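One structure is given below, encoded as C-alpha cells.
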Amino acid sequence: YSFAIVGINITDLAYSLLVSGALKTHLYNVAPEIPSLQHFQQTFCYLMQEFHRFWIEEDPSDIMEFNRVRSKFHRRILRQLKNPDMALCPHFAASDLHLVNM
C-alpha cells in the first residue's frame, strides 16, 4: 500500500474518532490530566502501526482491497473504544512523553 494514502486515511480516522467523541475514553485513560496534541500524535502513530499489522494479517490479494481492509480496521478500533478501560496505546503514558521524539 501507499504510505501517504494510509497516512491520510489514518489522519481522517483519528480526527473522526476525536470529533465523534469515540476517542474520549482512550484519551482519559492515557492522559489523566488534560490531553494534549502529543497524545493525539501518539494515537496517530499507534493507529499507523496497528493498521500495518492489520494489513499483514488480512493478507489482501492486491491494493484494490484497501477500502475493505480500511473499513474493517475502522470497525475494529470503534469496537475496542467501546470498552471503558480501553487505552489504544497504553505504552504511551503521559509520564512517558519525554521518551517520544516529536
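Annotations for the structure displayed:
- Exclusive hit being within 14 Å of Cys89 (Cβ to Cβ) and crowded, with 18+ Cβ neighbours inside 10 Å, set Phe51, Phe44, Phe73, Phe40: Phe51
- Residue list for the stretch 13-37, restricted to those being within 14 Å of Leu78 (Cβ to Cβ) and open to solvent by less than 30 Å² (accessible area, probe 1.4 Å): Leu13, Ala14, Leu17, Gly21, Ala22, Leu23, His26
- Subset of the stretch 15-39 (residues that are within 14 Å of the chain's Cα centre (by Cα), touching a residue at least 24 places away in the same chain (Cβ under 8 Å), within 20 Å of Asp85 (Cβ to Cβ) and in a helix (DSSP H, G or I)): Leu17, Thr25, His26, Val30, His39
- Residue in the stretch 60-73 that is among the small types (Gly, Ala, Ser), in a helix (DSSP H, G or I) and either at pLDDT 90 or above or within 14 Å of Val6 (Cβ to Cβ) (or both) present: yes
The values are calculated or read from the model by the stated rules, or taken from the named source; none is laboratory data. Fair warning: this is a prediction, and the values are worked out from it, not measured in the lab. Quick reminder, even Gly has a Cβ in these numbers, built from the backbone with ideal geometry, and neighbours come from all protein chains shown. Side chains included, ligands, DNA and RNA excluded: accessible areas come from the protein's heavy atoms. Shrake-Rupley method; radii C 1.70, N 1.55, O 1.52, S 1.80 Å.
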